[in-house]
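Structure first, commentary second.
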Amino acid sequence: MENELLMELRQTARRFLGREVVTMSRTISPSTNRVYGLKRVCEVGGVASSTLYAAQLSKATPILRGLKPIIEDEKLLNMIQKDLNNTPFSGEGPKKVHARLKR
């Protein structure tokens, strides 16, 4: 009975969606009274288990972004251009400009 259900799933032309894989993996087999399991359902359904786990992980953990900048980009660009225009030297590097702007 269990193999017949799995063979029937294998014969379907479309691939499983994530919800279907999880639901089917939790379904209890009528012949063994055990759940099918994620590994078996993924193999039959043609879904990589790593893809399923990655999708679950991406939903669970929000993307943490860095701190908001203290100075807006346009204002910082103007400060850098002003600093470069005021220096008597040509070819000032970013380290020197950064050091002067930090003061």
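The values are calculated or read from the model by the stated rules, or taken from the named source; none is laboratory data. Note that the structure is a prediction, hence the values are computed from the model and not measured. Here Cβ is always computed from backbone atoms with ideal geometry, including for glycine, and neighbour counts include all displayed protein chains.
Per-residue answers, yes or no, for (1) surrounded by 12 or more Cβ atoms within 10 Å (Cβ to Cβ); (2) over 30 Å from residue 4 (Cα atoms):
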position: 38; (1), (2): yes, no
position: 42; (1), (2): yes, no
position: 49; (1), (2): yes, no
position: 76; (1), (2): yes, yes
position: 79; (1), (2): yes, yes
position: 85; (1), (2): no, yes
position: 99; (1), (2): no, yes
Matching helices (runs of 4 or more DSSP H) fully within region 7-102 where at least 3 residues are modelled with pLDDT under 85: 18-25, 38-45, 49-60
